[in-house]
Amino acid sequence: MLWTVAFGLWGLSRQGSVWRDEAATWQVAERSTPEIWRMLGNVDVVHGCYYLLMHALFECFGPSTTTLRLPSVLATAVAAACVAVIGHRLAGTWVGLAGGMAFGLLPAVQFYLQEGRPYALVAAGAGISTLLLVTVLQGRVRTVYWAAYGGTVLVSGLLNWLSLMILPAHLATVLWTRAGRGVWTRWTTAAAAATVCVLPLVLFSRSQSAQVSWIPPLTWHMLIGPAVLLVIGGVGAVLDRPRAGRLSVAAVGLPLLAVPHLGLIGVSLVQPLFLDRYILFSLLGLALLIGTAIGAAVQAVRPRHPRASVWILPATVAVAMAALLPQSLAKRAPASRVDDVLAVASDVERMKATGSAVLFVPSARRDTKSVSPSAFDGLRDIALTESPEKSGTLKGVEANPERIRAAMLSQRRIMLVTDAARVARPVAAERDRMKIAVLKKYFTAVADKQVRGRRVTVYERLASAH
């Protein structure tokens, strides 16, 4: 835990940057509880519990990048500790220690270790529930453990219902170990109860499926990463010498790694949903299997070189850290994300002129204003008819294209906040195409600034257009 927390605190602020996904967390967390509930009826209900948690933390500690990201750091540390305990119980100290330390070093984990989103919290829930399952499979069958298991799966499901894919992974472990009827009955009861409680969230979130319509369909090249992970995991499982009927690292780690990946691939064949962050918790299994490989190396060397065997883990960690250092530094830099909401806010404040108008293309780029409202003091948001807070949305409600056009033509100076050229996508919405067309025809750009994926352009009315 200490290792992972230290790793997470390193470069936590990312030079004071916040990207668009984290900006959604930030702006919702600053709303009142009734405003959050109203928004969840329209959008992002799948993250509702996480938003309410972050709202409470922002109320207690104030909005900051530390408050935004520290929960993910602590949650990842809990997940790493669970890997360490599971590995220690099933295969000894070296396997547990190696697996727990390996978890925080995995590139994908490093990315979400410092992310103001719920995926690390889900991984912590997955770690706790897996540890509880191992506990009961080792013969410590108590009602309180099963209640805690079902409750942990439930909480994880409420944070992100795709985490329920851990249940078929655990089912594979129960099958592998040939558990008795009592375990079967209790596991089925706990799993069914958690699933039934999460089911209303699953069904309601389907009405908001347009939110994930941007995810591309599954392609073969998207499967390369999961295939590599499964190969690495398979090697670790072989080194564990798995046998049916025996509770081992392979019996726990391999299903935990493979089943969520295969499940998400199956779901994505029906509706595109293949994003690694949705099954970040599956990397718990990979870390366990990596720990097995290192533990096997220690066991192989110890009989002939007992002193040298002690240095295998430190040497492996040092080599891994050195090899991953460029990537670790990159993931802690603002450029690791597609944009920076806060950086562009400072440009707005510097370039604005009181009384000018401001436009956002697309309207989702209004997140800059939601996170840094003071930067927009004195600017009139001429397209907006209802704020994000009042409308129960993330980006507010804008007027129809005709009204926006009329409002634009009555302005002498307009500031446009949009995406930088390198990350901008084709403008899709009719009102956004109209905004761009009017600016090109009746205005001329007098100032332009692009920084960290965002762009601010100041337009002034052409003399000939008056």
Using the Karplus curve 6.51 cos²θ - 1.76 cosθ + 1.60 with θ = phi - 60°, what ³J(HN,Hα) values do you get for each residue of the stretch 212-222, in whole Hz, with x for Gly and Pro?
9, 5, 6, 5, x, x, 5, 10, 4, 5, 6
Note on the chain, DSSP bridge orientation, antiparallel percent to nearest 5 equals 70
What is the spin-label model distance, in nm, from Arg422 to Ile232 if the labels are put 7 Å beyond Cα along the C-beta direction?
2.7
For helix 224-239, what angle does its Cα long axis make with the longest principal axis of the chain, in degrees from 0 to 90 and rounded to 10?
20
For the stretch 191-199, just list the computed ³J(HN,Hα) in residue order, Karplus coefficients 6.51, -1.76 and 1.60, θ = phi - 60°, integers in Hz, with x standing in for Gly and Pro.
5, 5, 4, 5, 5, 4, 5, 7, 4
For the chain, with the dipole built from +1 on Lys and Arg beta-carbon atoms and -1 on Asp and Glu ones, taken about the Cα centre, which of Leu203, Pro388, Leu132 lies farthest toward the positive end?
Leu132
Spin-label pair Met1/Ser209, simplified geometry with 7 Å Cα→Cβ offset, distance in nm
4.1
Could you point to the residue in Ala437, Ala56, Ala81 farthest towards the positive end of the chain's charge dipole, with +1 and -1 charges on the Cβ of Lys/Arg and Asp/Glu respectively?
Ala81
Asp377 accessible area, assembled protein chains, probe 1.4 Å, Å²:
90
Helix 283-301 sits at what angle to the longest principal axis of the chain, using alpha carbons and giving 0 to 90 degrees rounded to 10?
40
Projected area, mean over directions - the chain, Cα convex hull, nm²
23.8
Run through every distinct alpha carbon pair of the stretch 74-154 and return the Kirkwood hydrodynamic radius in angstroms, one decimal place.
13.0
Expected output is a single nm value to one decimal: the length gained when fully extending between Lys441 and Val202, i.e. 0.36 nm times separation in residues minus the C-alpha distance. What is it?
81.4 nm
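Under a Cβ-Cβ cut-off of 15 Å, what is the net charge of the residues other than Glu430 that fall near it, where Lys and Arg count +1 and Asp and Glu count -1?
Working: positive: Arg403, Arg405, Arg431, Arg433, Lys435; negative: Glu398, Glu402, Asp432.
Surrounding charge for Glu430 is +2.
Let's see if you can work this out: charge +1 on each Lys and Arg Cβ, -1 on each Asp and Glu Cβ, no other charges. What is the dipole magnitude of the chain about its Cα centre, in debye to the nearest 20? Each step should come with its number before you reach the end.
Details: 47 positive and 25 negative charges, 127 e Å.
Magnitude of the dipole: close to 600 debye.
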For the chain, the accessible surface attributable to carbon and sulfur atoms (probe 1.4 angstrom, ligands and nucleic acids excluded) amounts in percent to 64
Rounded to the nearest 10 Å², the accessible area of His55 using a 1.4 Å probe with every protein chain kept is 20
Relative contact order in percent for the stretch 1-92 (Cα pairs under 8 Å, 6+ apart) equals 46
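If the only charges are +1 at each Lys and Arg Cβ and -1 at each Asp and Glu Cβ, what is the size of the charge dipole of the stretch 194-353 around the Cα centre, to the nearest 20 debye?
600
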Quick one: angle between helix 249-270 and the longest Cα principal axis of the chain, in degrees between 0 and 90, rounded to 10, please.
40
Under a point-charge model restricted to the Cβ atoms of Lys and Arg (+1) and Asp and Glu (-1), what is the dipole moment magnitude of the stretch 351-466 relative to its Cα centre, in debye to the nearest 20?
320
Can you give me the relative contact order of the chain as a percent, contacts being Cα pairs under 8 Å and 6 or more apart?
17
Normalised radius of gyration for the stretch 321-466, please: alpha carbon Rg relative to 2.2 N^0.38 Å, two decimal places.
1.14
Cα→Cβ-extended label distance, 7 Å offset, between Ala323 and Val310, nm:
2.6
Among Pro272, Ile312, Gly291, whose Cα projects farthest towards the positive end of the dipole of the stretch 257-369, with charges put on the beta-carbon of Lys, Arg (+1) and Asp, Glu (-1)?
Ile312
Take each of the peptides 186-199, 256-269, 125-138, 209-222, average the number of other beta-carbon atoms within 10 Å over its residues, and list them starting from the highest.
125-138, 256-269, 186-199, 209-222
Hey, can you grab everything whose amide H is under 5 Å from the amide H of Asp381? Only 5+ residues off in sequence or another chain; H modelled, so Pro and N-termini drop out.
Val358
Rg over Rh of the stretch 1-109, using C-alpha atoms and the Kirkwood radius, what does it come to?
1.08
With x for Gly and Pro, the residue-by-residue ³J(HN,Hα) of the stretch 410-418, computed from phi through the Karplus equation 6.51 cos²θ - 1.76 cosθ + 1.60 at θ = phi - 60° and given in whole Hz, is 8, 9, 9, 9, 10, 9, 10, 10, 8
May I ask you to derive the relative contact order of the stretch 352-439, considering only C-alpha pairs under 8 Å and at least 6 residues apart, and to give it as an integer percent?
36
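The values are calculated or read from the model by the stated rules, or taken from the named source; none is laboratory data. Here the structure is a predicted model, which is why all the values come from computation and not from measurement. Because the Cβ atoms are built from the backbone with ideal geometry, glycine has one as well, and the counts that use them run over all protein chains shown. SASA here: full protein model, heavy atoms, side chains in, ligands and nucleic acids out. Shrake-Rupley method; radii C 1.70, N 1.55, O 1.52, S 1.80 Å.
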